[in-house]
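*Asks:* This structure is in structure tokens; I'll ask about it shortly.
The values are calculated or read from the model by the stated rules, or taken from the named source; none is laboratory data. In this text, all values refer to a predicted model and were calculated from it rather than measured experimentally. Glycine also receives a Cβ, built like all others from the backbone with ideal geometry; neighbour counts cover every protein chain displayed. Ligands, DNA and RNA are excluded from the accessible area calculation, which covers all protein heavy atoms including side chains. Shrake-Rupley method; radii C 1.70, N 1.55, O 1.52, S 1.80 Å.
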Amino acid sequence: MLSRIPLRPRTVVALGLAGVVAVIIALGKLLGDPTPPATSSVQPTIAAPSAVDPHEGDDGLVQLDPTPSPMKADNGPQAISVATKFAQQWIKHDRSATAWLDSLRPHCTDALVAELDGVDPAGVPADRITGAARMEALADSFVEVVIPIDAGLLRLRLVASQSRWLVDGVDWERV
């Protein structure tokens, strides 16, 4: 003897959704394309390479140097010197915003001066330089100098402008 199972709302919804899915699948099979997609076991033919005149030279792929040498910027020590002077003034945040910006101005581009205008030097996250600066050459006239500070790493982007290096971007990262 079967006892009657009470249908709960979740059971009714689940059965209803299963019924809808079954109807959609049945309609898809009835109304769909009865022919399966054609598959071919024939491989396309590949044309043979044309003959090359041996006196014309090789017009094949360019052979790249497998071990490219890193770019070296000219006057690297000068870039490190400018970056270090900038960093020494940047960490002195115990003065007015105007005095702080004026001390940075000789070492940076006009664009960076405009970005730093109005910055509160109290927000500078460092108090001292903790290691030697190192330069990462990116191009002949664009380098990044990384200076260890007590808050992490100060990253200064420098550009060569009128035969001298100027800081054009400031970033720092915690380590």
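*Asks:* Could you please let me know if residue 119 is part of a loop (DSSP other than H, G, I, E, B) and free of Cβ contacts under 8 Å to residues at least 40 places away in the same chain? Even if it seems obvious, please write down each step before you answer.
*Replies:* On the way: part of a loop (DSSP other than H, G, I, E, B): yes; free of Cβ contacts under 8 Å to residues at least 40 places away in the same chain: yes.
For residue 119, the condition - part of a loop (DSSP other than H, G, I, E, B) and free of Cβ contacts under 8 Å to residues at least 40 places away in the same chain - is met.
*Asks:* Right, another one. If we scan segment 142-149, do we find a residue that is part of a helix (DSSP H, G or I) and either surrounded by fewer than 15 Cβ atoms within 10 Å (Cβ to Cβ) or modelled with pLDDT of 90 or more (or both)?
*Replies:* No.
*Asks:* Another question, then. Of the residues 132, 160, only one is closer than 19 Å to residue 81 by Cα and either outside any strand (DSSP E or B) or open to solvent by less than 20 Å² (accessible area, probe 1.4 Å) (or both); which?
*Replies:* 132
*Asks:* Any idea which of 98, 109 is of a type in the set (Val, Ile, Thr) and open to solvent by 50 Å² or more (accessible area, probe 1.4 Å)? Can you show your working first?
*Replies:* Numbers: 109 fails: open to solvent by 50 Å² or more (accessible area, probe 1.4 Å).
After ruling out the rest, the residue left standing is 98.
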